[in-house]
Every structure is written in C-alpha cells, then in structure tokens.
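The values are calculated or read from the model by the stated rules, or taken from the named source; none is laboratory data. Keep in mind it's a predicted model, so treat the numbers as computed, not measured. Glycine also receives a Cβ, built like all others from the backbone with ideal geometry; neighbour counts cover every protein chain displayed. Calculation scope for accessible area: heavy atoms of the full protein, side chains included, ligands and nucleic acids excluded. Shrake-Rupley method; radii C 1.70, N 1.55, O 1.52, S 1.80 Å.
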Amino acid sequence: MSPAAAAAHSVRIKAVYNHFDAFLTGVDRLKRAGFTGFEVTAPLPRHELLEAIYEGRPSPVRWWTLVGGVTGMTSGLLLTSLTHASWPMINPGGKPTVAIVPFAVIMFECTILFGALATFAGMIVHAGLPGFFLDKALKDPRFTDASFGIVFTRASERDQDRIMELLNGSGATEVTSGDDTVYEVPNDTL
Amino acid sequence: MGSGTGLTGVESKLPGAPNRPLTYGETNRDILRVLLKPSAMYFAALATTVTMMLIGGWAWFQQIFWGMGVAGITHPTMWGVYIVDFVFWVGIGHAGTLISAILFLVRSRWRTGVYRASEAMTVFAVMTALLFPVLHLGRCWQAYWFFPYPNQRLLWLNFKSPLAWDVFAISTYFCVSCVFFYVGLIPDIASFRDHSKGLVKKFYSLLALGWHGTSRQWQHYMGAYGFFAALAAPLVLSVHTVVSWDFAMAPTGGWHSTIFPPYFVAGAIFSGCAMVISLLMPMTYLFKWEKYVNLWHFESLAKMCLLTSGILTYAYGMEYFIAWYSQNPYEQAIFFWRATGEYSGAFWLMVFCNCVAPLPWYSKKIRTNPMALFIIAALINVGMWMERFNIIVSSLAHNFDPATWWFYMPTWVEISITIGSAGWFGTWFLLFCKTFPAVAVTEIKEMVPPPLKGSLEAK
C-alpha cells in the first residue's frame, strides 16, 4: 500500500490523562495489546514514563558527547602544538616548543567545550528538534501544563475501536479521534 | 490554561511550601504570573540599574576619549580595579553552575528552587566579567587580538601563558553555561508559549524549538542534561583555578603559591552563594515566589557559605604560616605589609567580612532570619571584593624593589565603571526575570507528587 493510501485509511487518536497512574496503565495496556507507533507526552520527565517507553535503553546522545570530547582534546593539542611549531620564538621560560603540561589546560577546555556543543547537537538531532512540524494532536497546550497524553498520529482505522476502548478503560479523562483531537486552551495568562 | 487537577492528598515535598499539596497547574500559573505587567517597584529597580549602567558607560567614554591616564593604574600597579572587578565577577559566576551542575549530580533537593536564577546570575556575571579585559585594554577596539586566528600581524597567542589559558577558560565557561542554561529553559519556555498569544507566543515558540514534551524529546533531553552537568562540574572547579594561575604563575610576592587554586575556588563559591542570597531575597519578595523559594533554600546557601568561609579562613591563615615557615624575607614582608601598611583597611575589612561576619550563621536562629541573612550576605560580597583588591593591588604596589613602591587608589572613572558593571549585571538580571521563568517550572513539578487516580478513587 502506498503511503498516501495508508494515510487515507489511518486515523488520529488522542487520549488526555489528568492522573499519572492512569496514564501509565494506558501505556501498559497498549503495549500488552501489541500496539506500537504511539507517542506519549508529559509536562515533566518522570522516570516511570521513560522506563515504560524506552525500557532502560540509554540515549545515544552519549556517543555525541564522547566524540565531541575526543575531537576537542585533539583540536586543543593540534592548535597549541602547531601554533608553537610555526612560531618557535614563543618559548618562554625555556619550555620545550611542544610543552604538554601548559597545553593540557587548553586541551581540557577544548574537551569540555566541544563535548558540550556536541551533546547539544546530539540532543537536537535525536529529540527531533526543532519540532515545529509535529502532529497537531501533540501540540495540545495541556501537555506542557498539567496533563499527560497518548497520541496515535496514524492508527489503522480497523484498530480504532480497540485502541479507544483500551484508552477509555485505562482511565483517560478524554479520548478523541479524527479532527476532534485539536484542542485550544483559552489564553488566560499572557 | 489547563486546570491543576493533581490533588492527591499527599503532602507537597517542598519544605516551606503551603501546608497543602501543590499541583502541576498551580506551579505553572504561579510562575507564569511573574510575566504579567511589571509593578512600579520593578520599574524603580530597573531605573536604578540602568542609571548605574549609564554612569559606567559615561566613565568608559571618558577613558576612551582621554586615554588610560584617567584611570589610576600606573607602574608598578598595572593591574588595578578593572582586574579586581574581573576576578570578582568571575567568582560571582561560580555559584550558578555549581548549584545547577554539581548539586544536580549529587541529587541535592534544595537546588531546585534557586538553580535557574543562579544560572542566570552565572551567565550575566560572566558577561560582566568579560567586559573588564576589554576595558583594561584601553584600546578596546583591538580586543579581537585576544583570539587565535590566522592573521598577517605576526601576532599569535602564547599558549604557555596563564593569560591565554584564562581566555580559553572563561570563554569555555561562558559558552557551556549558556548552553546548559538554555537547555534547562526549553521545557519551561514551551509552557509559557502555550499560555501566551500574539507576538509573545511567536517569540516563545521560536525559543522553545517546537518542544511539546514527547517521550522522545524527554529521553534525549534527560540524556543530554546529565552529560551537560557532568561536563560543567569539572569546568566550575577549573575556571577559578585557571584565574588563580594568572597570579600564582608569576614570581611575585603574595601570589606565587600553590594554595591559590583551592583558595580561589572556595572564595568563588563563597561569594557566588552570598550573591544568590543577596539577589534572590528581594526578588522573592518582589515576585512573590515564597512558595518555591523560601528560607529552606536560603539556609542551605548560608551553610554553603559557612563551609567555604572556613576554607577561606584556613587559606588566609596558611598564607601567613607559609610566609613565616619559608623564611623568605620578601614573602614575609608583603604579608606583614598587607596587615599593617597603607592597604591594611582593605585587609582587615576582608578578614572581618569573610571570616568573622558569617560566624553568626552557626546559629540556626540567625541563619533563618531573613534580615540577618541579607545583611551578612551583603557583607560577604564586600569582603570578597576586598579580598581581590588586597591580593592584586598590594602585591604589585609593594613588590621586590622599594624604589618602585606606589600607593594606588582607584580614580572616579574606575569607581564609576565598577558601579556601572553592577548596573549592567542588575539590568540583565531584572530583564531576565520578567522575560523567562526565573524559577524552574519543570523541576519544581518533579518535586510535586504526581496526581494519582487511585487516591482520588479512595476518597
């Protein structure tokens, strides 16, 4: 089936939870029923939530940190050594041209700087930021305020009733499908 | 705004919070409220800091127009108040990343209420510190010579010099602090975005980077945040170590000492924590943050100050002991002169403010008295400025050759620029408090018990 045809037979389903335990129950029931491809949202990073979805798998961002740190340290060494090799008159205190001890300070700073910048880049890439084009059901303002959410952006139409039954049964405050999933809160604050 | 439906019947975990459960929605609303129309008191505070900044700007203009002669620095005291201010502001910038990174890694709970404002303080303090090498240059338009890039001027940085290390240390600290600060802000900015409209919403939307709190976003955010903290923690300790080497690497009496790195780091944490108390106490009153920032936080900061005050007192004593024990006449002379010479006023003020004034905090009654907290923290800030003045100026003014001895006092230009730097710092901080959440909404929510359906059903 082509993606366009699949989209024609898919439906958006959103469940909003005001209670954390009900939300975890919903996630658990969906996983037990074999459903995948749903996204969950929360106003804070509860470890139970990340455990339920990622089952303890660490974020690959750590590899970005490692590569950034090693690149930084190497860059620091190259910058200092090549500079002093090119300008050997800069030789205070009888130190050798390539003096590792004083250069270690620059290497350390470059390790931290490159490591932090690479970590930031890794977070942006893996977290899918900027997320301006996320499905509109995920942009429910309640999810950054006080509510938890489970969203199927493209659930199969034939699974719709079963998914909605599971979500309603888990204690969701609100379960909607199709275009009803879009919610606007009143702008009462700013 | 969505309603805060998290009434669980569980007591809030936030000591000092009202005796009822806080909810996620309530937390959002309370902290968002700060962004509403500013009060007259806020405008008065802003007008004061802007005026101070203009005074400093005028003095800087005088220095650029007439030359460095209007500043009091001259041979042999070529490092004066500008370098004192530089070291002071770098020190102030230490508490923020210490609180946000090191206390995050050790899972200290009291950091939650104060870490955002402390991080902001770090960024603005380092921005202030970075002004001073440029001011000290005189010909500030040539400040780009600091940076290593291929050029035709036959100039290149000497990477064996502590001054080059300092450029790298402070620049790295500033960049990493900014990234760490911004990453922490992203979920809170998203929360603000979702409760705003018009241009304000567009502004926050852009800064929130499309954050919507999906599990994918949280997973990698949390992974990255831990690494930022792990990277920032050694950086905090290294920055003032490198700053101390600006002095300790020089064979100058009173400077050339291996105790300088821990001594400077402890002093930086001491002054930074005192500045957090000095800033957050009025802000808590001004913005009504009592539910989230309260005496529990200030008492914890006071305990940090007590610890570091003890380390500093030990370091001051050890400097004198080593001067005596080394039998080095130059070292003995400078330390004797510091306590008895022309700058003895600065020395004894330093000793009083840093070693004696914090002692009443050993009493819990005084440690939890807001007025006592504020006054002692202010004294510590004065004492730490005096410490840097004492170290930098006295050693240069009274060096090895008596023929070069000189009594340096700052001119009105240097004093005005010092006042201006406080205004610059205060203006940034006040603008930040009205533009972004100065209390971390998301981390406060993590301390609030989650809303559970079970307890509601039980009711």
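Summary table below
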read-out	value
Failed item in (1) at pLDDT 90 or above; (2) in a helix (DSSP H, G or I); (3) open to solvent by 30 Å² or more (accessible area, probe 1.4 Å), with B:Ile277 passing the rest	(3)
Qualifying residue in segment B:213-224 (condition: over 27 Å from A:Phe38 (Cβ atoms) and part of a helix (DSSP H, G or I))	no
Residue match in segment B:255-268 (condition: within 22 Å of B:Phe429 (Cα to Cα) and more than 14 Å from chain A (Cβ to nearest Cβ))	yes
Residue that is open to solvent by 30 Å² or more (accessible area, probe 1.4 Å), closer than 28 Å to B:Gly423 by Cα and small (Gly, Ala, Ser), where the choices are B:Ser100, B:Ser171, B:Ser177	B:Ser171
Meets criteria (modelled with pLDDT of 90 or more and open to solvent by less than 60 Å² (accessible area, probe 1.4 Å)) for A:Ser81	yes
Selection within segment B:205-224 - among the small types (Gly, Ala, Ser), open to solvent by 10 Å² or more (accessible area, probe 1.4 Å) and more than 7 Å from chain A (Cβ to nearest Cβ)	B:Ser205
Flag if A:Gly56 is assigned to a loop (DSSP other than H, G, I, E, B) and modelled with pLDDT under 90	yes
Any pair with Cβ under 7 angstrom, 6 or more apart, that starts in segment A:105-125 at a residue that is more than 7 Å from chain B (Cβ to nearest Cβ) and free of Cβ contacts under 8 Å to residues at least 40 places away in the same chain and ends at one that is hydrophobic (A, V, I, L, M, F, W, C) and assigned to a helix (DSSP H, G or I)	A:Met107/A:Met73; A:Met107/A:Leu77; A:Cys110/A:Met73
Test result for B:Ser416, touching a residue at least 40 places away in the same chain (Cβ under 8 Å), closer than 28 Å to B:Leu306 by Cα and either part of a helix (DSSP H, G or I) or open to solvent by less than 30 Å² (accessible area, probe 1.4 Å) (or both)	no
Of all residues making up segment B:152-187, the number that are facing chain A (nearest Cβ under 9 Å) and of a type outside the set (Val, Ile, Thr)	18
Selection from segment A:102-137 of residues that are under 30 Å from A:Gly169 (Cα atoms) and surrounded by fewer than 22 Cβ atoms within 10 Å (Cβ to Cβ)	A:Leu134, A:Asp135, A:Lys136
Complete set of residues in segment B:268-313 that are polar (S, T, N, Q) and in contact with a helix residue (DSSP H, G or I) (Cβ under 7 Å, 6 or more places away or on another chain)	B:Ser271, B:Ser278, B:Thr308, B:Ser309, B:Thr313
Any hit, segment B:284-299, residues being open to solvent by less than 30 Å² (accessible area, probe 1.4 Å) and touching a Lys or Arg at 6+ places or on another chain (Cβ under 7 Å)	yes
Test result for A:Pro130, assigned to a loop (DSSP other than H, G, I, E, B) and at the interface with chain B (Cβ under 7 Å from one of its Cβ atoms)	yes
Residue match in segment B:17-28 (condition: part of a loop (DSSP other than H, G, I, E, B), modelled with pLDDT of 80 or more and either within 11 Å of chain A (Cβ to nearest Cβ) or open to solvent by 20 Å² or more (accessible area, probe 1.4 Å) (or both))	yes
Residue in segment A:17-57 that is nearest to A:Arg158 (Cα to Cα), counting only those that are open to solvent by 10 Å² or more (accessible area, probe 1.4 Å), within 21 Å of the chain's Cα centre (by Cα) and of a type in the set (Gly, Ala, Ser)	A:Gly37
Failed item, numbered, when B:Ser421 is tested on (1) open to solvent by less than 10 Å² (accessible area, probe 1.4 Å); (2) part of a helix (DSSP H, G or I); (3) modelled with pLDDT under 90	(3)
Evaluation of A:Trp64 against (1) open to solvent by 70 Å² or more (accessible area, probe 1.4 Å); (2) under 25 Å from the mean Cα position of the chain (by Cα); (3) in contact (Cβ under 8 Å) with a residue 24 or more places away in the chain; (4) more than 10 Å from chain B (Cβ to nearest Cβ) (one fails), failing number	(4)
Any chance B:Ile64 is away from chain A (no Cβ under 14 Å), under 24 Å from B:Glu387 (Cα atoms), touching a residue at least 24 places away in the same chain (Cβ under 8 Å) and not charged (D, E, K, R)	no
Count of residues meeting criterion [within 14 Å of another protein chain (Cβ to nearest Cβ) and open to solvent by less than 50 Å² (accessible area, probe 1.4 Å)] in segment B:133-151	2
Candidate set from segment A:133-146 (those that are touching a helix residue (DSSP H, G or I) at 6+ places or on another chain (Cβ under 6 Å) and of a type in the set (A, V, I, L, M)); member that is farthest from the other protein chains (Cβ to nearest Cβ)	A:Ala137
Filtered residues of segment A:138-169 (kept if surrounded by fewer than 23 Cβ atoms within 10 Å (Cβ to Cβ) and hydroxyl-bearing (Ser, Thr, Tyr))	A:Thr153, A:Ser156
Criterion: aromatic (Phe, Trp, Tyr) and closer than 29 Å to B:Gly253 by Cα - qualifying residue of B:Phe287, B:Phe270, B:Phe298	B:Phe270
Some residue of segment B:227-249 being of a type in the set (Phe, Trp, Tyr), within 25 Å of B:Phe159 (Cβ to Cβ), open to solvent by less than 30 Å² (accessible area, probe 1.4 Å) and modelled with pLDDT of 90 or more	yes
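Conditions tested, residue by residue: (1) farther than 20 Å from B:Phe88 by Cα; (2) surrounded by 19 or more Cβ atoms within 10 Å (Cβ to Cβ); (3) hydrophobic (A, V, I, L, M, F, W, C); (4) in contact with a His (Cβ under 8 Å, 6 or more places away or on another chain).
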{"residue": "B:Cys305", "(1), (2), (3), (4)": "no, yes, yes, no"}
{"residue": "B:Phe321", "(1), (2), (3), (4)": "yes, no, yes, no"}
{"residue": "B:Pro329", "(1), (2), (3), (4)": "yes, no, no, no"}
{"residue": "B:Ala333", "(1), (2), (3), (4)": "yes, no, yes, yes"}
{"residue": "B:Ala339", "(1), (2), (3), (4)": "yes, no, yes, no"}
{"residue": "B:Cys353", "(1), (2), (3), (4)": "no, yes, yes, no"}
{"residue": "B:Ile366", "(1), (2), (3), (4)": "yes, no, yes, no"}
{"residue": "B:Ile375", "(1), (2), (3), (4)": "no, no, yes, no"}
{"residue": "B:Val382", "(1), (2), (3), (4)": "no, no, yes, no"}
